[in-house]
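Just so it is clear, none of the values below were taken in a lab; they were calculated from the coordinates. Remember, predicted model here, so these are calculated numbers, not experimental data. Every residue, glycine among them, receives a Cβ derived from its backbone with ideal geometry; neighbour counts consider all protein chains shown.
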Amino acid sequence: MDGEETTTDADGMARIQLPESEGQYELSATSAGRDGATHEIRIADGQERLLGADLELEPRTGTPRTIPEATVTLTNHWTDERTQEVSVVSPTGERSQPVTLAPGESQTTGQTLGESDDQTLLASTRSP
């Protein structure tokens, strides 16, 4: 991005630090034997910087007796600590809690949907 380079990991993923200053920036990607790609991105002051979220639901299909389990992984892609109120809504209610993550940190939380709210937290792990 704008002259800075990074290399992908074994999964083909790369982490880049976005500029703090408002403005237009150029992001380019290249790979041996492939055409490169360039995109312009705009950083705007005053925009809310949310945590990234991935949701998995198992099983994907079932019967009326199936009790699904949701796994939510939150990631802070930003360069500063972020706190955000996160909610999981199930047929028996809603569970909300503030989550604070350091830059680059992830947290995974599991919840069995349909159980009472006091039994919903299955696991919570953090990784840098």
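Matching the structure-derived Kirkwood radius over Cα pairs in Å against the labelled list [x] 16.2; [y] 17.6; [z] 18.0 gives the label [y]. Highest GNM mean-square fluctuation among 53, 14, 70, for the chain modelled with Cα contacts below 10 Å: 14.
How would the stretch 1-47 be classified by its alpha-carbon gyration tensor: rounded, prolate or oblate, with rounded meaning a/c under 1.5 and the a/b versus b/c comparison settling the rest? If you can, show how the numbers build up before the last one.
Details: a/c = 2.84, a/b = 1.82, b/c = 1.56.
Cα axes put the stretch 1-47 in the prolate bin.
When you filter the GluC sites (Glu not before Pro) in the stretch 1-72 for DSSP loop state and at most 16 other Cβ atoms inside 10 Å of their Cβ, you are left with 4, 5, 20, 22, 48. Summary value for the chain: 17 percent relative contact order, contacts being C-alpha pairs under 8 angstrom separated by 6+ residues. Remark: the chain carries a charge dipole of roughly 480 debye about the Cα centre, counting +1 on each Lys and Arg Cβ and -1 on each Asp and Glu Cβ.
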